[in-house]
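These notes are about the structure you will find just below.
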Amino acid sequence: MLNELNKAQREAATHIDGPLLILAGAGSGKTKTLTTRLAYLIGEVGIDPLNTLTLTFTNKAAGEMRSRALKLIEHSPGSMPLLCTFHKFGLLFLKFNISRLNRKNTFNIIDSDDQKRMVKAICKDLNIDLQISFLTNEISKYKNALLEPSEVEERAEIADYKKAAKVFAEYQKRLLENNLVDFDDLLALTYKILLENDDLRKETSQRYQYIMVDEYQDTNELQYQLLKLLTSEHNNICVVGDDDQSIYGWRGANIRNILEFHKHFEGAKVVKLEINYRSTQQILNVANALIDHNRKRLGKKLISHIGDGEEVKLLHSIDEVYEAKAVASEIKELLKRGVKASEIAVLYRINALSRSLEEGFSKAGLSYKMIGGIRFYERAEIKDIISYLRLISNSDDDFSLLRVINKPKRGIGASSLEKIKDFAESRGVPIFTALDEASENELRSFLSKKASKSVKEFVEIIKLLQDEKENLGNLINLFDEHTGLREYYGAMVDGFDRVLNIDEFYGYFRDAIIKDEELTLERFLADITLESDQDQVESDAVNIMSVHASKGLEFEYLYVIGLEEEFFPIVSETTDIEEERRLAYVAFTRAKKRLTLCYIDSRFYRGQRKHVKKSRFLGEAGLIKNESLKVSKSASFKRGDLVKHKIFGIGRVQEVAKSGKDYKLKINFGGNKKEILSTFVEAI
């Protein structure tokens, strides 16, 4: 089995004792190396399978590794090695040891839907009006930071976070009362038990003498702390990962875990897997050049096992309509040549970009399937806008009314909706007509004061917008102002993406009005319905997805659209430009045979068409000449970096210029722009 490995893979697979970091570049055979190492330990060295523990992030990965490792072992071992996800390990551990927290091992696990229902009920009981998704996200953060409710309440300063602390305290109380645990508890409680019980920590660490971890760059702080306890008696830990593919910082992944592995685990050996078996050298040259601009990395260069291949292609279009048309046209040619649709994919950084792509593919008659995402017109925020517009177009549409009468929340809950339906039925008219004709006093006979007032306000908003039906340009402006959907969705955990989707829809609507002066609201809605209801032949379809969803996948022919500033990379006050660059690196290295990078001159953005600049990543990858990037490449700071100054606070670097042996930075401190030498600021 070792003969099938290259020199670096073999070195990693035959390492036995002490900490080992396998720095595995994209397509470098990391799974093969890890499974061979497990098979080597069991089948050649003679380690008892029960003394091994391999941790992954998905059940699928664990199952595949187990199958591959056991196939490599000549003689079937008497016992099975434990390969599972972090959370599965936590579950097994708690079943045996939760009694140490004075809890019964008959606990049940609540899933995310159960959690949302419980948090919703708590909000109702405590009379707290906050987004459920915001609260569940905060609760998860508290647990992964190992914070008790009392600590959270003590630290909370802003009103919303004080309310979140109260919800967290009540949530924890209800979990205990009902002997329930959530997904975060599976790791947090396991860590707590091991930390507080030294005898059990020693026993558990001695049981699992050889620990391996897949996708180590995706581990968070809690997972790292748990691994420290599990390896405390032997330090035999082997982790495999790629710092250049760390793209889940927003989800809590801590890239420092892999960057500082040698500090966390003394005497660590590092083996780099740099031979790539997936992509041509032309593709890897571009990926290597791009990622070389990141400072926070361990450093490696991917070398293709396949050979040189085609040059990376740039596809330049006027706007997103032509971009989708050009990509669709090229794909149709590939299909004519016999390329399988499943071997073609189109990636984008921002979900909102899928709208023009889906429309272009539908017009071209191309079947497509969305991987790991929701079609544009099926997203909740877009369905809400369409439901509002349908109600404005046709006030008899009870289905649309019931969807949006409490969006944003107006205190009209499920029981109020049932009473409203009964009221309209008793009068024998559509719901909107019944609510419009009823006085507030009539509504008060079966609704609360708040709900009846909200119903009347909702009716007035719809009537106001109906008056603008003939002036669609004005309608969309008033619609945005009066419905409150932008603020409602903007407050959610994934609010940035949702607001971009809303702006994309508004932009599409305005564009349709400009292109057709005779356009009516009814026809616009009918056209959308035809687009969104296209039957897709999933089995033989081109793949379209976000870059995040593409992680772990590979395609013969790959297109990446939207390579413009603000779209890829996203540029905002919270942007981590190095993570954006890692995302681009992941995108580029999904391509096996041909990589096409697409950019345009103008795009709808936040509801209006604007000129866009080519992505800095095209210059950094060596595909276009971009002189402004040359200075920042060798500087310790780059344009877009967040920095901290002891007097001016936090700001974002806008320009970098050489100044003697130092660099002069133009920094925007919340509107206060200063030119400061780089030695006087620190990176965040």
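Overview of results
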{"read-out": "Spin-label proximity, SER79 to the range 43-60 - amide N less than 18 Å from point 7 Å beyond Cα toward beta carbon", "value": "43-55"}
{"read-out": "Linear extension gain, LYS71 paired with ASP436, 0.36 nm per residue minus alpha-carbon span", "value": "124.3 nm"}
{"read-out": "Gain upon complete extension [ASN179, GLU260; 0.36 nm per residue less C-alpha separation]", "value": "25.4 nm"}
{"read-out": "Over 12 Å [Cα-Cα, the range 165-221], rounded percent", "value": "77"}
{"read-out": "For the range 416-565, convex hull volume per residue from C-alpha positions, Å³", "value": "215"}
{"read-out": "Part-to-part distance (alpha-carbon centres) for the range 170-236 and the range 91-106, which is given in Å", "value": "13"}
{"read-out": "Candidate aspartates and glutamates for bridging to LYS664, where Cα separation is under 18 Å - those fewer than 8 sequence places away on the same chain excluded", "value": "GLU627, ASP641, GLU655, GLU675, GLU682"}
{"read-out": "Equivalent ellipsoid semi-axes - Cα gyration tensor, the range 293-381, angstrom", "value": "27, 20, 14"}
{"read-out": "Pair GLU518, ILE684: separation of 7 Å Cα→Cβ label points (nm)", "value": "5.4"}
{"read-out": "Phi to ³J(HN,Hα) by Karplus 6.51 cos²θ - 1.76 cosθ + 1.60 over the range 550-564, Hz, x for Gly, Pro", "value": "7, 3, x, 9, 8, 9, 4, 10, 10, 10, 10, 9, x, 7, 9"}
{"read-out": "For LYS369, distant residues with modelled amide H under 5 Å away", "value": "VAL542, ASN543, ILE544"}
{"read-out": "Helical mean residue ellipticity (222 nm; -39500 (n - 2.57) per DSSP H run of 4+; nearest 500) of the chain", "value": "-14000 deg cm²/dmol"}
{"read-out": "Per-residue HN-Hα couplings for the range 292-303 [Karplus 6.51, -1.76, 1.60; θ = phi - 60°; Hz; x = Gly/Pro]", "value": "5, 7, 7, 8, 7, 7, 7, x, 6, 10, 7, 10"}
{"read-out": "Dipole magnitude (debye, nearest 20) for the range 1-155, charges at Cβ of Lys, Arg, Asp, Glu", "value": "340"}
{"read-out": "Angstrom value of the Kirkwood radius, inverse mean 1/r, which spans all Cα pairs in the chain", "value": "28.4"}
{"read-out": "18 Å reach of a label modelled at ILE650, 7 Å along Cα-to-Cβ, counting backbone N of the range 102-143", "value": "138, 141-142"}
{"read-out": "Fraction of antiparallel bridges per DSSP, the chain only, in percent to nearest 5", "value": "35"}
{"read-out": "ASP198 versus LYS269: modelled label distance in nm, points set 7 Å from Cα along the beta carbon direction", "value": "3.2"}
{"read-out": "Size descriptor, Kirkwood hydrodynamic radius, that averages inverse alpha-carbon separations across the range 80-212, Å", "value": "16.0"}
{"read-out": "Over the range 553-605 - Rg/Rh using Cα atoms and the Kirkwood inverse-distance radius", "value": "1.02"}
{"read-out": "Theoretical gain in end-to-end length, LYS666 to LEU92 [0.36 nm per residue, Cα-Cα removed]", "value": "201.3 nm"}
{"read-out": "Dipole axis of the range 305-398 (+1 Lys, Arg; -1 Asp, Glu on Cβ), positive-most option in SER362, ILE331, ALA380", "value": "ILE331"}
{"read-out": "Two-site FRET efficiency, ASP113 against GLU311, from Cβ-Cβ distance with R₀ of 60 Å, rounded to 0.05", "value": "0.80"}
{"read-out": "Nearest-20 debye value, the range 119-199 charge dipole, Cβ charges on Lys, Arg, Asp, Glu", "value": "400"}
{"read-out": "Inter-label distance, nm, simple model (7 Å from Cα along the C-beta direction), ASP494/ASP129", "value": "2.6"}
{"read-out": "The range 486-518-the range 553-629 distance, computed between alpha-carbon centres (Å)", "value": "22"}
{"read-out": "Cα shape, the range 422-501, gyration tensor, a/c 1.5 rule", "value": "oblate"}
{"read-out": "Equivalent ellipsoid dimensions for the range 1-97 as semi-axes, Å, which come from the Cα gyration tensor, largest first", "value": "22, 16, 12"}
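Coordinate-derived values only; no laboratory data. Computed from a prediction, not measured in an experiment: that's the story for all the values here. Counting neighbours? That spans all protein chains shown, and the Cβs are built from the backbone with ideal geometry, glycine included.
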